[in-house]
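Worksheet: the structure to be examined is printed underneath.
The values are calculated or read from the model by the stated rules, or taken from the named source; none is laboratory data. Because the structure is a prediction, the values reported are computed rather than measured. As a convention, Cβ positions derive from the backbone with ideal geometry for all residues, glycine included, and neighbour counts pool all protein chains shown.
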Amino acid sequence: MNTKKILLILIAFFTIGIANAQSSDDVLNLLIQKGLVKQNDADSIRADYALKQQDIKEKQKLFNVLSSRNINIGGYTQVRYQSLQEPGKPDGFDIRRARFDIKGNFSPEWEYRLQTDFAVSPKIIDAYFAYKPYDYLKITGGQFLIPNSLESTTSDNTLETIDRAQISGLTGRNKDAIGDQNGRDIGLQVSGSLFKTESNRFLLDYYIAYFNGQGINIAADKNESKDIAARVVAHPYEFLDFGISYSNGFDSWGTPAKNQVQNRIGADVSVNYNDFSFRAEYLQAQQGSYLVSGVTKDLVKDGWYAQVGYFVLPKKLQFVAKYDTFDPTKNNPKNDITTFYTLGTNYHVNSFVKFQVNYKHKNEQRGTINKDEIVAQLQLKF
């Protein structure tokens, strides 16, 4: 055993035996005074000791981060039955969604999420990280929701009707030009909450995002252009929200695929007062083009919906009514406006199980065929 190790043992022995207030440096000074340790040996011991203390601090810091890490594993499944009156469309069951969701945080400022869907074919829905050093600043990167529209940014498992409104086809869902992208894209977003009140409620939320514009699970962008999306939501009262949304893009879509303009602007209002709820939203899009006397013009589409809900049994049984209309050729009228009238009920068995039934009457300007639907859906969360 070399001299340095012997001295370290002596220091440990004396440190334990001496009062806690006396540091190891005091012990070294005492040994130097007694002539038991040379100054250069003491300096070397101090350097080794400092390195060991630094290593202990780093391990403690890592332990604190790991011990504060929060991981939540969950998901939900939606099993649907459709009774369709339209000729040629059979009734039947399907697994509409089968989501598996992992989210959590590495520290109070860093969070992450990975959500997948196994219905029909496996695909990644969300895959992002977020850094939130302040309430007014949150930076998100990866694949996540486009901040556009009230209903599109509402989770599938909290919708009050089984189906979204037709305008969701302008927000990366359903029959959007770039296909059903679950309202998501790949990019970077800055968001935050502003104007905190004495009751710890914020009066304004903002979102500004920069996307590829091609949708989810795309290995590489198809052009040099990018989409910009922005949304602002005001909360003047605890029960009342007003939102406005805007997005601008130049994306590759169509058959054959070509770069085309996609601009969207919308406004919405949401009320949640005791057992009563109200939602209304308008969205307009410049998407695609059409020819008039050999001249190419931008095609404008728009639509809106209004929805009311009321819990006749608080947090258990809710009745819902919805009016939903959409015009795919607003500035080039073709009498192709489609309107849905929906009546529904939601029964929340508990916080994990919800059963929904909707009756949908479809009215097409040029249609004479009965296309009404009765849809039932069972949702199981875990």
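What the table below lists for this structure:
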read-out	value
Options Ala267, Ala209, Ala230, Ala220; residue that is without any contact (Cβ under 8 Å) to a residue 24 or more places away in the chain and not charged (D, E, K, R)	Ala220
The listed residue being part of a loop (DSSP other than H, G, I, E, B) and touching a Phe, Trp or Tyr at 6+ places or on another chain (Cβ under 9 Å), out of Gly266, Gly249, Gly213	Gly213
Where a residue in the range 312-323 is in a loop (DSSP other than H, G, I, E, B) and its partner, wherever it lies, is at pLDDT 95 or above, with Cβ under 6 Å and at least six apart	Pro314/Asp275; Lys316/His348
Residues within the range 187-233 that are crowded, with 20+ Cβ neighbours inside 10 Å and aliphatic (A, V, I, L, M), tallied	4
Selected residue (criterion: surrounded by the fewest Cβ atoms within 10 Å (Cβ to Cβ)) from residues of the range 140-164 that are in a loop (DSSP other than H, G, I, E, B) and out of contact with any Lys or Arg (no Cβ under 9 Å at 6 or more places or on another chain)	Ser155
Test result for Gln286, more than 28 Å from Glu160 (Cα to Cα), in contact with a strand residue (DSSP E or B) (Cβ under 9 Å, 6 or more places away or on another chain), assigned by TED's automatic domain parsing to the domain that holds Asn346 and of a type outside the set (Gly, Ala, Ser)	yes
Test: residue in the range 224-242 that is at pLDDT below 95, touching an Asp or Glu at 6+ places or on another chain (Cβ under 9 Å) and part of a loop (DSSP other than H, G, I, E, B)	yes
Options Pro328, Pro333: the member that is without any contact (Cβ under 8 Å) to a residue 12 or more places away in the chain, farther than 24 Å from Gly88 by Cα and either of a type outside the set (Phe, Trp, Tyr) or exposed (fewer than 15 other Cβ atoms within 10 Å of the Cβ) (or both)	Pro333
